[in-house]
Amino acid sequence: MHTRANFYRLAVEDDDGTFTVTARQTHTYRIHVAQGLITGAFSDHLRALAEQLEVSQIVLAIDTDAAEHHLGVIGAAVARTGLPLGVVPLPDANPGSLPDSLSSLIRTPQQHRPLLLGVGSGAVSTTVRTVAARQLPGVPYALVPTTVQAQIDAGTDSKVDVGHTPGQLNGAFPHMHPAAVYIDPALTSALPPRDVRAGLAEAIKLALIINPLLVYTLERSARPLPAGPALAAIVEQAVASKLMLLALESEKRLLDLGHRVADPYRAATGYRIPQGEAVAAGIAVAATHAFLSGKTTLKHRDRILNLLAAYQLPVTIPDAMRQPVWEGIAAGHHTRHGSLPLVIPQRPGQCTLTDDFDRWAFDKALDDLAARP
């Protein structure tokens, strides 16, 4: 495949599963993906990065869960670089708050400039990005995501330039970007299975949008729940798929697959369910609407629902949630840019947008899902 995204003047090539995206005059960074990365090449990568950035210390910003399970091994890896290490706990990663211990870095003399290393969930990544962009201009940061969802998302926010070679990805932000992202699926081994499945809902979403080969991989890997090299392969393909989508300006809206229903659904539950579970239910509704409106076949619809079910993700919404979810959908239907379309999967790797989604269509999709054996 060869296509051109004119808005960013990107040339995108897909040759036998190797994605290469190039742009003019952009900053680049590397996304390293490997099972066992943290106990392996991480120290060497980090030492080389520190030399490149001319930093003299590393400050670890880590959330409570990550610290409990990973502080020892990550701290040891950082120690092997020979650089001084500081640790800043983030008990409640909130992008709107700046811990005092991080605030003190603002007054750090230039000759002691640190590399800020964010370790933990997606909330940690967001906090570190925000701190680096707003409160610590000039202080570089890198990310070590420790949840499946965060690993798929960590290197791909605000992306304009990306590239992919096996085990390593490159990307760039228009204004503020990480110095590097280190993704080791072994770090997710401490997660409850439910959290792994919820994170894999993001991989399923990306596969349905742009990567039918990843759909096949996910189907083969559902039982037992993927771990180790199998999970690493899924995460790498999911990240590459998202990079490709973000490079293509016209395709970005497809990333809303599932969210038109999922966001109101989560809100109606008081955010008590993981985002991935809500997205899965939203994908199921969208796929069923696509079938009922003649935009896909029963075979394709059932393949999508069966994939979600294989990962024990929800494929419907409880009747008690029907009214509040629809109210949320209706409230968000119109924006200042016009109506908000529904993204529907026509087949694995192909989605489109539709405006023909009203309360009748919503109820009909839920009724059809409830009637499935």
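Taking 10 °C and 1.306 mPa s as conditions, segment 231-373 diffuses translationally at an estimated 102 µm²/s according to Stokes-Einstein applied to its Kirkwood radius (Cα pairs).
Find the accessible area per residue for segment 188-335; the probe is 1.4 Å, ligands and nucleic acids are left out, and the unit is Å². Walk me through the numbers on the way to the answer.
On the way: 5780 Å² over 148 residues.
Accessible surface, normalised per residue, equals 39 Å².
Report the calculated FRET efficiency for LEU298 and SER189 (r = Cβ-Cβ distance, R0 = 45 Å), to the nearest 0.05. It comes out at approximately 0.75. Each part reduced to its alpha carbon centroid, segment 224-286 and segment 186-217 end up 8 Å apart. What FRET efficiency comes out for THR64 versus LEU213 if R0 is 45 angstrom and r is the Cβ-Cβ distance? Round to the nearest 0.05. Taking R0 as 45 Å, the efficiency between THR64 and LEU213 is 0.75.
What does the charge add up to near ARG197, with Lys and Arg as +1, Asp and Glu as -1, over the other residues with Cβ less than 14 Å from its Cβ? Surrounding charge for ARG197 is 0. Could you name the lysines whose alpha carbon sits less than 25 Å from that of LYS364, not counting residues in the same chain fewer than 8 places away? Partners found: LYS205, LYS295, LYS299.
The packing ranking of peptides 345-354, 259-268, 294-303, highest mean first, is 259-268, 345-354, 294-303, where packing means the average number of other beta carbon atoms within 10 angstrom of each residue.
Report the net charge of residues surrounding THR296, where surrounding means a beta-carbon distance below 12 angstrom and charges are Lys +1, Arg +1, Asp -1, Glu -1. Don't skip to the end; give the middle numbers.
On the way: positive: LYS295, LYS299, ARG301, ARG303, ARG347; negative: ASP302.
Its environment carries a net charge of +4.
LEU46 sits among other residues whose Cβ lies under 15 Å from its own Cβ, and their net charge, with Lys and Arg +1 and Asp and Glu -1, is -1.
For the pair ALA79 and ALA320, how long in nm is the line joining their label points, each one 7 Å along Cα→Cβ? According to this spin-label approximation, the distance is 5.0 nm. Computed extension gain for ARG272 through LYS364, at 0.36 nm per residue and net of the alpha carbon distance, reaches 30.5 nm.
The values are calculated or read from the model by the stated rules, or taken from the named source; none is laboratory data. Predicted, not measured: the structure shown is a model, and the values here were computed from it. Ideal geometry is used to build each Cβ from the backbone, glycine not excepted, and the neighbour counts take in all protein chains shown. To get the accessible areas, we keep the full protein, side chains included, count just its heavy atoms, and leave off ligands, DNA and RNA. Shrake-Rupley method; radii C 1.70, N 1.55, O 1.52, S 1.80 Å.
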